[in-house]
Amino acid sequence: MRAAIYDAFSGPVEVVDVGDLIAAPDEVIVQVKATGVCRSDWYGWLGKDRDLRDLPHVPGHEFSGVVHEVGSDVDGWRVGERVTVPFVAGCGQCSYCLAGDSQICPNQLQPGFNYWGSFAGLVRVHRPEHNLVSLPDDFGFTETAAVGCRFSTAYRAVVERGQVEPGEWVAVFGCGGVGISAIAVASALGANVVAVDTSEAALGFARQFGATGTVSAGPEAADQLKDMSDGGLDVGVDAIGHPDAIASSINALRPGGRHVQVGLLAGAAVPLSADLIMSKEIDIRGSHGESARSFPAIFDLVRANDIDLAAMVTQELSLAEGAKLLEGFEAKSDPGIAVINQF
């Protein structure tokens, strides 16, 4: 199979021929039809992910495809089935997995981080009975590539962690793939959604997916959000991972508000006012991916609200083009999600 691979952090990403994968008894091998190019892949390439230490490495963690090979101990899956997968593969045996919370499994594995990922013709799925998801026929491979990470991550952040209700005021900080998805989900729930970003292009893109207001990120953002929301936000979602976004979100919350942290900070220090958190009884909630159990509900939400996943994909790339994009991801300025779908 062909794969995009690097053998040094921040080094060149080259497309080369590598050996085909063979399924272990408890694995499924998936033929990749589409895979997203995500900021998390870029962090890994920089060497900032604590789980990624073995080189050479193949990135990629959000993908869709078809079952290529089924391990001898695996029941319930057949070659040729259309599938996707959450980027967190739980062990399926611990108390968290048994409770349906594989996204915080202490023994989790992540393609593209713990082991070779989906910037390749084939990728492994561990514990497929627990982690693999059947892809409905009315969802195409390209538009659902990012469901395994960005859209499902946004769903958990907004629905399950943020517990957003109709009529609440929600601000989403950062209008990349997770942010746009969070805006679409919160809008589908009937919230008043405000998008916050430094890019006018990104803010304009956010309006297409349900943002009813926009604010330019900066020192005045918290005050503007308070004014727009009649005294304060119910929920703030940091979808970019920046100390300023966290501070703006928390400062803009009304008493009893919820801040949901989704974006990766890559070790950046975050100054927080404990007095403010205490006096306003603010909740700070982490949110990490999503488990396979919620994917049917995600597909139902998309259908019921006509969320246009395909419109979120603004670049369709070859494997070589995706490799180059990963190297230059910091300079990526166009809104939307880039997907590799030519292998």
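Tally the residues that are part of a strand (DSSP E or B) and not aliphatic (A, V, I, L, M), restricting the search to the stretch 158-191.
We begin by selecting, within the stretch 158-191, every residue part of a strand (DSSP E or B); these are 169-173.
Filter again for not aliphatic (A, V, I, L, M), leaving 169, 173.
Counting residues in the stretch 158-191 that are part of a strand (DSSP E or B) and not aliphatic (A, V, I, L, M) gives 2.
Acidic (Asp, Glu), at pLDDT 95 or above, more than 22 Å from residue 40 (Cα to Cα) and assigned to a helix (DSSP H, G or I), is that true of residue 223?
Details: acidic (Asp, Glu): yes; at pLDDT 95 or above: yes; more than 22 Å from residue 40 (Cα to Cα): yes; assigned to a helix (DSSP H, G or I): yes.
Criteria met by residue 223.
Check 21, 52 and return the single one that is modelled with pLDDT of 95 or more and part of a loop (DSSP other than H, G, I, E, B). Lay out the reasoning, then the answer.
On the way: 52 fails: modelled with pLDDT of 95 or more.
After applying the criteria, what remains is 21.
Quick one: which residue in 88, 123, 79 is touching a Phe, Trp or Tyr at 6+ places or on another chain (Cβ under 7 Å) and either closer than 15 Å to residue 148 by Cα or without any contact (Cβ under 8 Å) to a residue 40 or more places away in the chain (or both)?
Details: 88 fails: touching a Phe, Trp or Tyr at 6+ places or on another chain (Cβ under 7 Å); 79 fails: touching a Phe, Trp or Tyr at 6+ places or on another chain (Cβ under 7 Å).
Among 88, 123, 79, only 123 is touching a Phe, Trp or Tyr at 6+ places or on another chain (Cβ under 7 Å) and either closer than 15 Å to residue 148 by Cα or without any contact (Cβ under 8 Å) to a residue 40 or more places away in the chain (or both).
Based on what the data block shows, is residue 100 outside any strand (DSSP E or B), in the same structural domain as residue 316 (by TED's automatic domain parsing) and surrounded by fewer than 24 Cβ atoms within 10 Å (Cβ to Cβ)?
Details: outside any strand (DSSP E or B): yes; in the same structural domain as residue 316 (by TED's automatic domain parsing): yes; surrounded by fewer than 24 Cβ atoms within 10 Å (Cβ to Cβ): yes.
So residue 100 fits the description; yes.
Against the conditions (1) surrounded by fewer than 17 Cβ atoms within 10 Å (Cβ to Cβ); (2) among the small types (Gly, Ala, Ser); (3) in contact with a strand residue (DSSP E or B) (Cβ under 7 Å, 6 or more places away or on another chain), where does residue 310 fall short? Just the number, please.
Exception for residue 310: condition (3).
Against the definition (out of contact with any helix residue (DSSP H, G or I) (no Cβ under 6 Å at 6 or more places or on another chain), closer than 15 Å to residue 264 by Cα, touching a residue at least 24 places away in the same chain (Cβ under 8 Å) and assigned by TED's automatic domain parsing to the domain that holds residue 241), how does residue 176 come out, yes or no? Full working, then the answer.
Numbers: out of contact with any helix residue (DSSP H, G or I) (no Cβ under 6 Å at 6 or more places or on another chain): yes; closer than 15 Å to residue 264 by Cα: yes; touching a residue at least 24 places away in the same chain (Cβ under 8 Å): yes; assigned by TED's automatic domain parsing to the domain that holds residue 241: yes.
So residue 176 fits the description; yes.
Taking the options 340, 298, 250, name whichever one is buried (at least 21 other Cβ atoms within 10 Å of the Cβ) and free of Cβ contacts under 8 Å to residues at least 40 places away in the same chain.
Working: 340 fails: free of Cβ contacts under 8 Å to residues at least 40 places away in the same chain; 298 fails: free of Cβ contacts under 8 Å to residues at least 40 places away in the same chain.
So the residue among 340, 298, 250 that is buried (at least 21 other Cβ atoms within 10 Å of the Cβ) and free of Cβ contacts under 8 Å to residues at least 40 places away in the same chain is 250.
For the stretch 259-269, does any single residue satisfy the condition of being more than 30 Å from residue 126 (Cβ to Cβ), in contact with a strand residue (DSSP E or B) (Cβ under 9 Å, 6 or more places away or on another chain) and surrounded by 21 or more Cβ atoms within 10 Å (Cβ to Cβ)?
To start, the set of residues in the stretch 259-269 that are more than 30 Å from residue 126 (Cβ to Cβ) comprises 259, 268-269.
Of the ones still in play, those that are also in contact with a strand residue (DSSP E or B) (Cβ under 9 Å, 6 or more places away or on another chain) are 259.
Now narrow it down to the ones that are surrounded by 21 or more Cβ atoms within 10 Å (Cβ to Cβ): 259.
The answer is yes, given that some residue of the stretch 259-269 is more than 30 Å from residue 126 (Cβ to Cβ), in contact with a strand residue (DSSP E or B) (Cβ under 9 Å, 6 or more places away or on another chain) and surrounded by 21 or more Cβ atoms within 10 Å (Cβ to Cβ).
Conditions (1) farther than 24 Å from residue 144 by Cα; (2) crowded, with 20+ Cβ neighbours inside 10 Å, marked per residue:
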{"position": "3", "(1), (2)": "no, yes"}
{"position": "9", "(1), (2)": "yes, no"}
{"position": "17", "(1), (2)": "yes, no"}
{"position": "35", "(1), (2)": "no, yes"}
{"position": "66", "(1), (2)": "no, no"}
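Identify all residues within the stretch 11-29 that are under 16 Å from residue 79 (Cβ atoms) and touching a Leu at 6+ places or on another chain (Cβ under 7 Å); write none if there are none.
20, 21, 28, 29
Residue-by-condition table, conditions (1) of a type in the set (A, V, I, L, M, F, W, C); (2) at pLDDT below 95:
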site	(1), (2)
238	no, no
242	no, yes
259	no, no
263	no, yes
320	yes, no
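Would you please list the contacts, defined by Cβ atoms under 7 Å and residues six or more apart or on different chains, that run from a residue in the stretch 1-20 that is in the same structural domain as residue 35 (by TED's automatic domain parsing) and closer than 14 Å to residue 41 by Cβ to a residue that is among the charged types (D, E, K, R) and surrounded by 15 or more Cβ atoms within 10 Å (Cβ to Cβ)?
13/327
Every residue, every condition in (1) assigned to a loop (DSSP other than H, G, I, E, B); (2) in the same structural domain as residue 180 (by TED's automatic domain parsing), yes or no:
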position	(1), (2)
227	no, yes
240	yes, yes
244	no, yes
247	no, yes
257	no, yes
297	no, no
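Would you please list the contacts, defined by Cβ atoms under 6 Å and residues six or more apart or on different chains, that run from a residue in the stretch 129-151 that is under 14 Å from residue 310 (Cβ atoms) to a residue that is surrounded by 19 or more Cβ atoms within 10 Å (Cβ to Cβ) and aromatic (Phe, Trp, Tyr)?
145/63
How about the stretch 259-291: which of its residues are in a loop (DSSP other than H, G, I, E, B), within 23 Å of residue 177 (Cβ to Cβ) and among the β-branched types (Val, Ile, Thr)?
If we filter the stretch 259-291 for residues that are in a loop (DSSP other than H, G, I, E, B), which is where we start, we get 262-273, 280-282, 287-291.
Still in the running and within 23 Å of residue 177 (Cβ to Cβ): 262-268, 270, 287-291.
Once the filter is applied, which keeps residues that are in a loop (DSSP other than H, G, I, E, B), within 23 Å of residue 177 (Cβ to Cβ) and among the β-branched types (Val, Ile, Thr), the stretch 259-291 yields 262, 270.
Rundown of residues vs (1) over 30 Å from residue 9 (Cβ atoms); (2) not assigned by TED's automatic domain parsing to the domain that holds residue 92, yes/no style:
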{"residue": "263", "(1), (2)": "no, yes"}
{"residue": "270", "(1), (2)": "no, yes"}
{"residue": "273", "(1), (2)": "yes, yes"}
{"residue": "278", "(1), (2)": "yes, yes"}
{"residue": "307", "(1), (2)": "yes, no"}
{"residue": "318", "(1), (2)": "no, no"}
{"residue": "329", "(1), (2)": "no, no"}
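For the stretch 31-44, does any single residue satisfy the condition of being over 19 Å from the mean Cα position of the chain (by Cα) and either in a strand (DSSP E or B) or not aliphatic (A, V, I, L, M) (or both)? Explain how you work it out, then say what you get.
Initial filter on the stretch 31-44 (over 19 Å from the mean Cα position of the chain (by Cα)): 31.
Among the residues that remain, those that are also either in a strand (DSSP E or B) or not aliphatic (A, V, I, L, M) (or both) are: 31.
Yes; the residues of the stretch 31-44 include at least one that is over 19 Å from the mean Cα position of the chain (by Cα) and either in a strand (DSSP E or B) or not aliphatic (A, V, I, L, M) (or both).
The values are calculated or read from the model by the stated rules, or taken from the named source; none is laboratory data. Nothing here was measured: the structure is a model prediction, and the numbers come from that model. Ideal geometry is used to build each Cβ from the backbone, glycine not excepted, and the neighbour counts take in all protein chains shown.
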